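Worksheet: the structure to be examined is printed underneath.
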Amino acid sequence: MDKLKAFETFVAVATKGSLTAAARAEGVAPAIIGRRLDALEEHLGVKLLVRTTRRITLTHEGSAFLEDCQRLLSDVANAEASVSAGGVKASGHLRITAPAGFGRRHVAPLVPPFRELHPDVTISLNLSDRVVDLAAEGFDCAVRVGDMPDSSLVSVRMADNRRLCVATPAYLARRGTPQHPSELLQHTCLTLSSDASQTRGWAFQVPAENGTEVTHLRPGGPLDCSDGQVLHDWCLAGYGIAWRSTWEVEAEIRAGHLVAVLEDFAAPPNGIHVVFPQRKHLPLRVRLWIEHLKHHYNEPTFWQRPAA
């Protein structure tokens, strides 16, 4: 039995509603379609369709198997298109959302090159620190930074996101370099004031009875702001110590403008993810966009670029 052909036949019958219609579309006799279905049901050991003279209905097992077959056939078609010189071109409108700061630096610069590769795709990029409801607001996918809560969305981890305490050499020369997270209480710390961000404080990995454990501190200071870019700018100006992601400060650290402190206590990284709604068939434009991000995010030098 040709399994792929049997799957195609089953999907055709289930979606068209009759053996005759499926046979007509393929240009074969209805009896051939019937024999393929019989062989598939015998192979699986379950009844997929209830056939009467008037209509065809799916069994419970048939309904579940239909979704799997449709997804499988879509994957096969996409695989063939990706290696075919004259393959299917990505087209349509791609709607993407990402956090404002991360999106400006590490999503927006990748959009025009993607459009050059796929000129039949139009793109809308939404940058917002609000957690967007993808399905309700019509977005194809989102880039999100941090721990992913349980949800109905599919999440693909693209890269690690590490958080570090950083300060300028001038600030550390003036105030000293903290050797333990508890010493941050004696320093000027630049913190986010948003109730929706870093609610547990700055995370550190410290020694414990059974090895190490992650603990959270909520350092204070005379300056706080709800915008992470402002904290970054204040930190570069030498006003205090900030707790920032490596994607934001790695270039400045390499250039010597900032110095990482308390690295021995850095908490394990969380992730940079692409999330998208559960779908039977992921549009080719979305799949290619995810591959585009993965290609660039897997390059270490990508994260070392200075901010525009």
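Hydrodynamic estimate: the Kirkwood radius of segment 3-83 over Cα pairs, inserted into Stokes-Einstein at 10 °C and 1.306 mPa s, corresponds to D of 122 µm²/s. Across all C-alpha atoms in segment 163-268, the radius of gyration and Dmax reach 13.1, 40 Å. Across q = 0.11, 0.17, 0.19, 0.22 Å⁻¹, segment 209-308 modelled as identical point scatterers on its alpha-carbon atoms has Debye log10 I(q)/I(0) values of -0.53, -0.99, -1.10, -1.25, in the order of the q list. On a 0 to 90 degree scale, rounded to 10, what angle separates helix 30-44 from the longest Cα axis of the chain? Approximately 50 degrees, to the nearest 10. Centre-to-centre separation between the Cα atoms of segment 107-127 and those of segment 226-285: 23 Å.
With viscosity 1.306 mPa s and temperature 10 °C, the Kirkwood radius over alpha carbon pairs of segment 97-179 converts through Stokes-Einstein to a diffusion coefficient of 100 µm²/s. Over the chain, dividing the summed -39,500 (n - 2.57) contributions of all DSSP H runs of at least 4 residues by the number of residues returns a 222 nm mean residue ellipticity of -11500 deg cm²/dmol. In this label model, T20 and H257 are separated by 7.4 nm, measuring between points 7 Å along each Cα→Cβ vector. For helix 60-83, report the angle its Cα long axis makes with the longest principal axis of the Cα atoms of the chain; keep it between 0 and 90° and round to the nearest 10°. The angle comes out near 70 degrees. Projecting label points 7 angstrom from Cα along Cα→Cβ for R35 and C225 puts them 7.5 nm apart.
Peptides 90-100, 168-178 ranked from most to least packed, by the mean per-residue count of other Cβ atoms within 10 Å: 90-100, 168-178.
Counted by Cβ distance under 15 Å from V132, the other residues give a net charge of -1, where Lys and Arg count +1 and Asp and Glu count -1.
In units of 2.2 N^0.38 Å, what is the alpha-carbon radius of gyration of the chain? The partial results should precede the final answer.
Working: Rg = 26.9 Å, N = 308, 2.2 N^0.38 = 19.4 Å.
Relative to the rule-of-thumb radius for its length, the chain sits at 1.39.
On alpha-carbon atoms, Rg over Rh for segment 207-256 using Kirkwood Rh?
Details: Rg = 14.1 Å, Rh = 13.1 Å.
That ratio is 1.08, to two decimals.
Each reported figure results from applying straightforward, stated rules to the coordinates on display, with no laboratory input. Keep in mind it's a predicted model, so treat the numbers as computed, not measured. Neighbour counts are summed over all protein chains in view; Cβ atoms, including those assigned to glycine, are modelled from backbone coordinates with ideal geometry.
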